[in-house]
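Novice: Quick one: the structure is below, and I'll ask about it shortly.
None of the figures in this text is laboratory data; all of them are computed from the coordinates on show. Nothing here was measured: the structure is a model prediction, and the numbers come from that model. Virtual Cβ from ideal backbone geometry, glycine too; neighbours counted across all protein chains shown.
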Amino acid sequence: MTDFSGRVLFLDRSDINTDEIIPARYLTEITKEALKPHLLEDLNLDGFNPERDIQGTSVIITRSNFGCGSSREHAPWALEVNGIDLVIAESFARIFRQNMYNCGMMAVELEKEAINRLFAEFSEKETAISTDLAANRFKVSADGETAEFSFSISDFDRALIEAGGWVEYADAHY
Amino acid sequence: MGKTVAEKIFDAHFVDNPAGDICVLRLDAVFCHEITTPVAINDLVRRGKDRVYDPAKIKAVIDHVTPAKDSKTALQGKILRDWARRHDIPDFFDIGRNGVCHALFPEKGFVRPGYTIIMGDSHTCTHGAFGAFAAGVGTTDLEVGILKGVCAFKHPDTIKIKVTGDLPAGVYAKDVILSIIGKIGVNGATNRVIEFTGPVIENMSMEARMTISNMAVEAGATCGIFYPDRTTVAYLWPHIRDEFLSEDAALEAYQQYLPDSDAVYEDTITFDAARLSPMATYGYKPENVKPVAEMAGTPVDQVYIGSCTNGRIEDLRAAAEVLKGRRISDSVRGIVSPATPGVYQQALDEGIIKIFMDAGFCVTNPTCGACLGMSNGVLAEGEVCASTTNRNFSGRMGKGGMVHLVSPATAAATAIAGKITNSTLYNG
């Protein structure tokens, strides 16, 4: 199990779709690793440069309805091979959210106020998150400043993370 | 307390409640195509679990890039083909018999009211047109579906959308669903099921219903469900005539999947069809919609008619009605992809293919290719396409391209004029 912690990439837009996360032209790849250089290549967001901004990050913080559109699990895979295993947003599209937990990764919803505060206080700084999964708590830190946020995930999502994903869970139960 | 359609289907397929409001359901069908299935197949092989829960309940097709355009897509097709043979999957559709999954599988009679269906494709919601619970899933859900015949879903909270009144001339199912998405937004039905009802919906053909349910996911919905009625039974009759004594008997059986009168809805939204007009999208979200009248004059480089949204016979007829006896603009590349071999054959028989060719359209084989910028009509940077597909995302039909979603009639009129144009101009 990963630690769901590390440097943060802020994406300040709602409705980022899975075509933007990984364009369809790369869906002919049959290994996850081949997706690595193409993460967020078509993202429509001013000031964002995937080649410069993704390297070294482990967590994405974004707005609402992240991962809408195509069902492609290539989107979580493209995040995973880039070392990103946690996305924090106001809300997620259903299939993307399920795909994340099915892969043993995390998609965590926070209230709009919390997301607004994260953007307002941290998005301009070099920010890191450390996740305490047992205590349901994120510790956010930048320039010596820290803030704590509690979160909740469902028992089912937690069971999937602990099992290592849905295939392992389903195989043990059904 | 009464139940919605999806709640009744969940009850009838319940396997387990692992936690909270999560239900694990038994699946009546698992649909597969060559883009999202090969990774699941390879993973099953790697785990030493290369099995399928029931070969008769798995339906597979090569549709996204066909014929293969390069070695990578050829390999994806080969992995699916070899797997289908290895497991004796009777319903596998390859070159010559293949078509866009969400048009082909209903045409083959693989969908029934009350079914539970998953596929590694977000537009699986299309099959809700038959009163089924059909949902797009990722590759891991698909893999478990193939192996175990189950999938986990959250309790299906439902929104009811009623369409009342009469559709004005030149307004089609596509305009109705674009208007609905424009109103409720791309996040308006996330994690919810939509039930579509009202006189306009009841009068629609199965093809028109599928256009609407197809785009339910563009509002975030898990599935867009229509109530099974005489139209549903008539469409399915060639496939179910051995199961029922009469169409009335089939209807009676399927009506167990109508909602209870006291079913609980999260919201009920009513649209007056009389106030709708032909619509087109602008920008990069399906909720960015405007009346075609306000977009009129926008030049386009390509017009595409096809896809799981609008590649069925009724769509081709509507476009041909506009194109008949006319030529498309020299500045436009017109491409039409009949969604299935059955649609293609029907269009040939009705003289529709000739109308398209006489007008200057290129007629391709059935495939999804252009809709997601994979083949058969990819845009160059800066190019604009009026398209009958379902997504206008940035880069969707090619990096740097712009897509305006429209109905087949509007697409045809736009091809003639070379710029976005209302079909009523050419349609009497």
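Novice: I'd like to know which of B:P168, B:A152, B:G136 lies farthest towards the positive end of the charge dipole of region B:111-185, counting +1 on Cβ of Lys and Arg and -1 on Cβ of Asp and Glu.
Specialist: Of the options given, the answer is B:P168.
Novice: Summing +1 for each Lys or Arg and -1 for each Asp or Glu, what net charge is found among the other residues whose Cβ lies under 10 Å from the Cβ of B:G149?
Specialist: Taking every other residue near B:G149 into account, the sum is +1.
Novice: Additional query: How large is ³J(HN,Hα), in whole Hz, for each residue of region B:241-254 in order, when computed from phi with the Karplus curve 6.51 cos²θ - 1.76 cosθ + 1.60 and θ = phi - 60°, using x for Gly and Pro?
Specialist: The phi angles translate into 5, 7, 8, 10, 6, 7, 4, 4, 5, 5, 4, 4, 5, 6 Hz.
Novice: With θ taken as phi - 60° and the coefficients 6.51, -1.76 and 1.60, list the Karplus ³J(HN,Hα) couplings across region B:323-340 in order, rounded to whole Hz; mark glycine and proline as x.
Specialist: For region B:323-340, the Karplus curve yields 7, 3, x, 10, 10, 7, 4, 4, 8, 10, 8, x, 10, 10, 10, x, 6, 9 Hz.
Novice: Still on this structure: So, counting K/R as plus one and D/E as minus one, what does the shell of residues with Cβ under 15 Å around B:P18 add up to?
Specialist: Summing Lys and Arg as +1 and Asp and Glu as -1 gives -4.
Novice: A further question on this structure: If we count every other residue with Cβ under 14 angstrom of B:E195's Cβ, Lys/Arg +1 and Asp/Glu -1, where does the sum land?
Specialist: Within the 14 Å Cβ shell, the charges total -1.
Novice: Just for chain A, what percent of DSSP beta bridges are antiparallel, to the closest 5?
Specialist: 50
Novice: Also, quick follow-up: Using the eigenvalues of the Cα gyration tensor, what equivalent ellipsoid semi-axes result for chain B when each is taken as the square root of five times the eigenvalue, whole Å, largest first?
Specialist: Result for chain B: semi-axes of 32, 26, 20 Å.
Novice: Provide the descending list of Cα extents for region B:281-425 along its principal axes, expressed in whole angstroms.
Specialist: Over region B:281-425, Cα extents along the principal axes are 38, 32, 26 Å.
Novice: Where in region B:210-283 are there trypsin sites (Lys or Arg not before Pro) that are in a DSSP coil and have at most 14 other Cβ atoms within 10 angstrom of their Cβ?
Specialist: For trypsin sites (Lys or Arg not before Pro) across region B:210-283 that sit outside H, G, I, E and B with at most 14 neighbouring Cβ atoms in 10 Å, the list reads B:R241.
Novice: Pick out which of B:A208, B:A413, B:A263 has the largest mean-square fluctuation in a Gaussian network model of chain B, springs linking Cα atoms closer than 10 Å.
Specialist: B:A263
Novice: Shifting gears a bit: Explain nothing, just the number: dipole magnitude of the protein assembly as shown about its Cα centre with +1 on each Lys and Arg Cβ and -1 on each Asp and Glu Cβ, in debye rounded to the nearest 20.
Specialist: 1380
Novice: Now a separate question. Roughly how compact is region B:153-220, stated as its Cα Rg over 2.2 N^0.38 Å to two decimals?
Specialist: 1.09
Novice: Using amide H atoms built 1.01 Å from N in the peptide plane, name the residues 5+ places from B:T367, or on other chains, whose amide H lies under 5 Å from its own.
Specialist: B:V100
Novice: What is the Å³ per residue value for the convex hull set by the Cα atoms of chain A?
Specialist: Normalising the Cα hull of chain A by residue number yields 113 Å³.
Novice: Please turn the phi angles of region B:116-129 into ³J(HN,Hα) values with the Karplus equation 6.51 cos²θ - 1.76 cosθ + 1.60 (θ = phi - 60°), one per residue in order, whole Hz, x for glycine and proline.
Specialist: Running phi through 6.51 cos²θ - 1.76 cosθ + 1.60 with θ = phi - 60° gives 10, 9, 10, 7, x, 6, 5, 7, 4, 3, 3, 6, x, 4 Hz.
Novice: Taking other Cβ within 10 Å of each residue's Cβ, how do B:R312, A:R7, A:R94, B:R47 sort, fewest first?
Specialist: B:R47, A:R7, A:R94, B:R312
Novice: Next up: Rg/Rh for the protein assembly as shown: what does it come to with C-alpha atoms and Rh from Kirkwood?
Specialist: With Rh from the inverse mean 1/r over Cα pairs, Rg/Rh is 0.95.
Novice: B:D157's amide H: which non-local residues (gap 5+, or another chain) put their own amide H closer than 5 Å, with H modeled 1.01 Å from N in plane and none for Pro or chain starts?
Specialist: For B:D157, whose amide H was placed from the backbone, the distant partners under 5 Å are B:V193.
Novice: Tell me, A:W166, B:W237 in order of fewest to most beta-carbon neighbours within 10 Å?
Specialist: B:W237, A:W166
Novice: Which of B:F361, A:F151 has the fewest other C-beta atoms within 10 Å, and how do the rest follow up to the most?
Specialist: Final ranking by Cβ density, sparse to dense: A:F151, B:F361.
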